[in-house]
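First up is the structure itself, then whatever we jot down about it.
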Amino acid sequence: MNPTDRQLSVFFLLVAVILSSVFIARWLHQPERLFIISEPGSQNVGGGAFFHEQFISFGKTPETHASSIARRADGKLIAVWFAGSEEGAEDVVIAGTVIDPVSRTISPSRILATVSGTGTATWRYIRKLGNPVIHSLPDGRLMMVYVSVSFGGWAASSLNIRFSDDLGQTWSPPRRLVTTPSLNISTLVRGVPIDFDNGDVGLPVYHEFLGKFAELLILDRNGIVRDKHRISWGRETIQPAIAPLSARHAVTMLRDSSEVDRRVKASRSNNAGQTWSVPSSLSLPNPNSAVALHRIDGHRLVAIFNDHREERHDLSMAYSPDAGRSWRVFHRLEYEPIAKERVESTFSYPSLIRDQRGDFHLTYTWKKRRIKHVHFNLVWLEQKI
Amino acid sequence: MNALNHYAGLFGCLLLLIALPLVHVRCPRFDRRVVSITIFAMLSFAVLPINSLPVIAYVRGVTADLSITSVFLLSIFIAGAYTGNRYFALPEKHRLHRILMLAGLILYPMALGLSPWDSYGMGYGGVGFALILPVLFVGLIIRRSWMVLLVLSCSILAYLAGLLESTNLWDYLIDIWLFLYVSVSAIWRLLSRLCRNRSMI
C-alpha cells in the first residue's frame, strides 16, 4: 500500500466511524412515541340527545368530494374538501369552511389550495389536486395535508403540507413531503391523523401504485417526515382509519380493495403504531369505500361505513363494544335506491371527529355534489346503541 | 426545509437535462465547442418560463429529485464530456453500479409493498445503516475504491445536512432513474460478455 492509499484508507475509515457514530446516536435518541387518548368532555352530562345534519357546501361546483374535519382551538370546526368540474380535473381546488357547533352557522367557503399555487410554491409542475386532510395540533395550529399529481392518475400522487397559526385564516406555503423512493409517487391521505405525546403526528396514508397498502407516516410538529410504519402490504387494503384505544394500543379499519372478500378489514397495534397485525376481515361489508372510525370510551368504538358489498348507496353507523372485534349496525344515515347514474345515489368518504365537549362531528360526500355535516352527542349515541 | 432544497432538487434535474444530449454529442467525436454549445442551449432551455414555471420545474414534476449519487455521477459525466478526461476508472464505476443495483433490488420491491417489511423505513434513522455502512466502507477501502467512497461519503453528508427535501437516507444514495440506468448497463455488459464468449468458441 503506497502512502497515498494509506492516507486515504485512514481518512475514509475515520469518515465511516464518524458517520456510524452519528447514525447510532440518532437511533439511540429516537423518541418513544405514545398515543394521546383524548377523553370526552363533560359539558354534555345531563343534556338532552341531539342529532343535527346540514350541508356545508352548496353544489357551486359540479363535483365535491373527500371532506375532512378538525376542531379548532377556539371551539369552532374547520372542514375541507376538494371541488371542481370533475375529480382529477385541473380546475379542482381545495376548499374549506368554518362551522360554529353552537350556533351551527357556516362561513362562506374559501379556496385553500390551487394547482398553480401548489406548483409555484413547490417548484414543480402540478396537474391536479386530490384528497385533503385537516388536523388540529395540540399546540393549536392547524395542519393540512393534500394530494397532488404531476403526471398520470391517483397512483402517481404525492403529498403536500401546510400549517396555519391563525385558525385557518392564513396558511404557510405548501411543502412537498417525500414518502416513497420511486419518484415520490403513490402516497395518498384520507384518514384522521393521530397525535403522539411527544408532539409528533401520525398521518394515516396509503399507496395505490403497484401495491395497495396502508402505512402510518410519522411527522414531527413542523411536518418533517421522521419515520413510517407499515400497517398492511400487498394489493388489498387502503385508507386506514385509526382509533387509539390506549397509549400503546390502537385498532385501524381498512378499505377493502380486493374484488373477492368485500368486507372491512381491521388491524391492531400494541406498540403505539410501530407494528400492526395482519389485517383480518370484519363482519361489516365494504364496497371498496372509505370507513371512518372513532373511540367512544374504553374499548367502545363507532364506525361510519357503506353497508353494502357493491354500492355506496347506504351510509350507516356501527357500534363495537369490544375494541372492534364485533360490530352491530345501529343507525342508517343515508339510503337511496341505486340509480342508473350511480353517482346520483352515493354517500361516501366519511370523516369523524369529536370536539372539546365530546360531541361527534361527521362529514361525508353527498352524491358527490355536496358535503354534509352531521353533529350528534354522546347521549344520542348511547340511546341508539 | 428551505430554498436550498429546491435549488438542490432543480440542480439535479438541470444536470440531467444537460447530460441527455451530451450522451449523443460525445459518442461520435469529442468536440469541446459542441459540448459548450449544448450546455448553453440546455441551460437556456431549462430556465425558459412556461405558465410561470421554468421548464426545469416541469422536468422535476416528472423525475422528482435526483439522488446526490446521481448528481455526482452526472457532474462527472458532464465534466468528462467537456474536458475529455475520464474521472472514474471502469472497474470502480462497475463496482458502484453493482452496489447500487443491489441496493435498488432491496429497496424498490419492498417499498412498493411486496413485503410486510419496508426497507425504505430504514432510511429514517434505523440502526440498519449504522451497521451496514462501516462494513461497506471497509470493503471498499480494502479494494481501494476511493471514488466510490467519495460518492457515498458525499451522499451521506448531504443527507446529514438536509440538502434535499427528503429526510430519508435512501433518497440521497439512490433514485429510480439511477437504479434503472445501472440495471440496464449491467444487463448490457452481461449480454456483451456472453456474445464475446460465444464468438470465441
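Structure summary
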| read-out | value |
| --- | --- |
| Qualifying position, being crowded, with 16+ Cβ neighbours inside 10 Å and over 23 Å from the mean Cα position of the chain (by Cα), among A:12, A:58, A:50, A:35 | A:12 |
| Residues that are of a type in the set (Val, Ile, Thr) and within 30 Å of residue B:119 (Cβ to Cβ), drawn from the range A:163-186 | A:178, A:179, A:180, A:185 |
| Any hit, the range B:103-116, residues being surrounded by 14 or more Cβ atoms within 10 Å (Cβ to Cβ), facing chain A (nearest Cβ under 7 Å) and not in a helix (DSSP H, G or I) | yes |
| Some residue of the range B:163-170 being of a type outside the set (A, V, I, L, M, F, W, C), buried (at least 19 other Cβ atoms within 10 Å of the Cβ), within 21 Å of the chain's Cα centre (by Cα) and more than 7 Å from chain A (Cβ to nearest Cβ) | no |
| Complete set of residues in the range B:59-81 that are within 14 Å of another protein chain (Cβ to nearest Cβ), assigned to a helix (DSSP H, G or I) and either touching a residue at least 40 places away in the same chain (Cβ under 8 Å) or crowded, with 19+ Cβ neighbours inside 10 Å (or both) | B:59, B:60, B:61, B:63, B:68, B:69, B:70 |
| Residue identified as over 21 Å from the mean Cα position of the chain (by Cα), farther than 15 Å from residue A:188 by Cα and buried (at least 21 other Cβ atoms within 10 Å of the Cβ) among A:104, A:124, A:162 | A:124 |
| The range B:36-55 - residue that is β-branched (Val, Ile, Thr) and over 23 Å from the mean Cα position of the chain (by Cα) and, of those, nearest to residue A:115 (Cα to Cα) | B:50 |
| Out of B:107, B:114, B:90, B:53, sole residue that is of a type outside the set (Lys, Arg) and at pLDDT 95 or above | B:107 |
| Unmet requirement for residue B:129, which otherwise passes all of (1) more than 21 Å from residue B:70 (Cα to Cα); (2) at the interface with chain A (Cβ under 9 Å from one of its Cβ atoms) | (1) |
| Members of the range A:164-183 that are part of a loop (DSSP other than H, G, I, E, B), touching a residue at least 24 places away in the same chain (Cβ under 8 Å) and more than 7 Å from chain B (Cβ to nearest Cβ) | A:165, A:167, A:168, A:171, A:173, A:174, A:179 |
| Index of the failed condition, residue B:122 passing every other in (1) farther than 30 Å from residue A:236 by Cα; (2) more than 9 Å from chain A (Cβ to nearest Cβ); (3) buried (at least 19 other Cβ atoms within 10 Å of the Cβ) | (1) |
| When residues of the range A:193-221 are limited to those that are assigned to a loop (DSSP other than H, G, I, E, B), without any contact (Cβ under 8 Å) to a residue 40 or more places away in the chain and not acidic (Asp, Glu), the one farthest from the other protein chains (Cβ to nearest Cβ) | A:210 |
| All positions within the range A:313-335 that are surrounded by fewer than 24 Cβ atoms within 10 Å (Cβ to Cβ), of a type outside the set (Phe, Trp, Tyr) and not in a strand (DSSP E or B) | A:313, A:321, A:322, A:323, A:325, A:326 |
| Residue match in the range A:339-356 (condition: at pLDDT 95 or above, of a type in the set (Gly, Ala, Ser) and closer than 29 Å to residue A:136 by Cα) | yes |
| Residue tally, condition modelled with pLDDT under 95 and either within 17 Å of residue A:354 (Cβ to Cβ) or out of contact with any Ser or Thr (no Cβ under 6 Å at 6 or more places or on another chain) (or both), over the range A:300-321 | 4 |
| All strands (runs of 3 or more DSSP E) inside the range A:92-145 with 3 or more residues being in contact with a Leu (Cβ under 9 Å, 6 or more places away or on another chain) | A:93-99, A:128-136 |
| One residue from A:232, A:258, A:267 being under 17 Å from the mean Cα position of the chain (by Cα), in a loop (DSSP other than H, G, I, E, B) and not β-branched (Val, Ile, Thr) | A:232 |
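Matching residues to (1) touching a Gly at 6+ places or on another chain (Cβ under 9 Å); (2) closer than 27 Å to residue A:141 by Cα:
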{"position": "A:58", "(1), (2)": "no, no"}
{"position": "A:61", "(1), (2)": "yes, no"}
{"position": "A:80", "(1), (2)": "yes, yes"}
{"position": "A:89", "(1), (2)": "no, no"}
{"position": "A:92", "(1), (2)": "yes, yes"}
{"position": "A:100", "(1), (2)": "yes, yes"}
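Yes/no per residue for (1) more than 30 Å from residue B:141 (Cβ to Cβ); (2) within 14 Å of chain B (Cβ to nearest Cβ); (3) in contact with a helix residue (DSSP H, G or I) (Cβ under 9 Å, 6 or more places away or on another chain); (4) touching a residue at least 60 places away in the same chain (Cβ under 8 Å):
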| site | (1), (2), (3), (4) |
| --- | --- |
| A:9 | no, yes, yes, no |
| A:48 | yes, no, yes, yes |
| A:54 | yes, no, no, yes |
| A:107 | yes, no, no, no |
| A:115 | yes, yes, no, no |
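Rundown of residues vs (1) surrounded by fewer than 18 Cβ atoms within 10 Å (Cβ to Cβ); (2) within 24 Å of residue A:320 (Cβ to Cβ), yes/no style:
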| residue | (1), (2) |
| --- | --- |
| A:169 | yes, no |
| A:181 | no, no |
| A:195 | no, yes |
| A:247 | yes, yes |
| A:256 | no, yes |
| A:261 | yes, yes |
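The values are calculated or read from the model by the stated rules, or taken from the named source; none is laboratory data. Computed from a prediction, not measured in an experiment: that's the story for all the values here. Reconstructed Cβ throughout: ideal geometry from the backbone, glycine too, with neighbour counts over all protein chains shown.
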